[in-house]
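Peer 1: Please find one structure pasted underneath; my questions will follow.
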Amino acid sequence: MIIGGSASQKLAAKVAWSLEEKLSPIETRRFPDGERYIRVKGEVPKEVVVIQSTGYPQDENLMELFLLLKNLKSLGVERTRVVIPYFGYGRQERRFKSGEAVSAVIIAELLEAAGASEIYSVNLHEKNIKQFFNIPVHEISAMPMIANYIKETIDDPIIIGPDKGALGFAEEVSGILKCECDYLEKTRISPEKVETKLKNLDVAERNVVIIDDIISTGGTIVNASKILRDLGANKVVVGCVHPVLVEDALLKIFAAGVDDVFATDTLKSDVSTISVASSVAGYLKKYE
Ligand code: R5P
């Protein structure tokens, strides 16, 4: 049985369809004072899959997930596999300043305490999140789906990581497509000046695809697109796994001369054109 939380209804329906599993109806609404009401309708089996992304509004989506998990446990469910397509609060995975809450660790502990038996997530921003759990964590890469999308839509692409941290994604995609890849490297010229340059390749007249895991404010992509345009790129297309897209991020990206933006449906957005449903379904089947 698949249960879709309110942040991932469409994705949950697609996964259920793919697995030919029943999609369980839940009732979720607010009491007049703003508190959350959850009801799982009908009989629940011993094993359940819950799908809920924990992007914005993070706190609400997490609270719904905690209520759901605890509720399922008290209804007699023995194994609850939790698919968190986008793992919110995943960026603070250490204490940078004294006294800071290490939110990724706290969320991991709360998910376990709430009754999660296993976690499935897509491209975790920090790989060490897995170590914060005592239950199995399966990480799914969206890069094969992104590569497939590029193959079908862009001629002779060159894949670019907007910074060194994104080089791994660019390499994974270019490895599948058997095309070139590179990344933008930042060099500090002086305490006030940072220069960003393409590490190795020439993008003049090329169709460039910038790949990152997250687009949040869009700042990283705007900077990268402007540089690639200045270097004479023909087409500049941007792809990411998790379209966090804070406020007017998309507007800023298109205003920087980007031709197109695509993302997966780990989060709902105007550019979530690639579905991770079949891959999530494949993982659920694999670890059945
Ligand atoms: C950074 O580590 C990530 O991979 C993304 O590059 C970053 O989250 C993007 O943030 P923004 O869109 O705010 O520049």
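Residues checked against (1) closer than 25 Å to residue 104 by Cα; (2) outside any helix (DSSP H, G or I); (3) in contact (Cβ under 8 Å) with a residue 12 or more places away in the chain; (4) touching a strand residue (DSSP E or B) at 6+ places or on another chain (Cβ under 6 Å):
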position: 7; (1), (2), (3), (4): yes, yes, yes, no
position: 18; (1), (2), (3), (4): no, no, yes, no
position: 21; (1), (2), (3), (4): no, yes, yes, yes
position: 44; (1), (2), (3), (4): no, yes, yes, no
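Peer 1: So, in the stretch 77-116, how many residues would count as being open to solvent by less than 30 Å² (accessible area, probe 1.4 Å), out of contact with any Gly (no Cβ under 8 Å at 6 or more places or on another chain), of a type outside the set (A, V, I, L, M) and not in a helix (DSSP H, G or I)?
Peer 2: Final tally of qualifying residues: 6.
Peer 1: Where residues in the stretch 140-166 are within 15 Å of the ligand (Cβ to nearest atom) and free of Cβ contacts under 8 Å to residues at least 24 places away in the same chain, which of them is least open to solvent (accessible area, probe 1.4 Å)?
Peer 2: 165
Peer 1: Just for helices (runs of 4 or more DSSP H) wholly inside the stretch 180-288: which have at least 1 residues that are within 11 Å of the ligand (Cβ to nearest atom) and open to solvent by less than 60 Å² (accessible area, probe 1.4 Å)?
Peer 2: 219-230, 249-255
Peer 1: Just to be sure before I move on: is residue 37 among the hydroxyl-bearing types (Ser, Thr, Tyr) and under 24 Å from residue 128 (Cβ atoms) in the structure I sent?
Peer 2: no
Peer 1: Next question, about the same structure. For the stretch 148-179, how many residues are touching a Cys at 6+ places or on another chain (Cβ under 8 Å) and either in a loop (DSSP other than H, G, I, E, B) or among the polar types (S, T, N, Q) (or both)?
Peer 2: 2
Peer 1: Just to be sure before I move on: is residue 60 among the charged types (D, E, K, R) and either under 21 Å from the mean Cα position of the chain (by Cα) or surrounded by 13 or more Cβ atoms within 10 Å (Cβ to Cβ) (or both) in the structure I sent?
Peer 2: In short, yes.
Peer 1: Give the stretch 130-139 a look and list any residue that's surrounded by 15 or more Cβ atoms within 10 Å (Cβ to Cβ) and among the hydrophobic types (A, V, I, L, M, F, W, C), or say none.
Peer 2: Scanning the stretch 130-139 gives 132, 133, 137.
The values are calculated or read from the model by the stated rules, or taken from the named source; none is laboratory data. All values reported here derive from a predicted model rather than from experimental measurement. FYI the Cβ positions are ideal-geometry reconstructions off the backbone, even for glycines, and counts take in every protein chain you see. Surface accessibility is based on the protein's heavy atoms, side chains included, excluding ligands, DNA and RNA. Shrake-Rupley method; radii C 1.70, N 1.55, O 1.52, S 1.80 Å.
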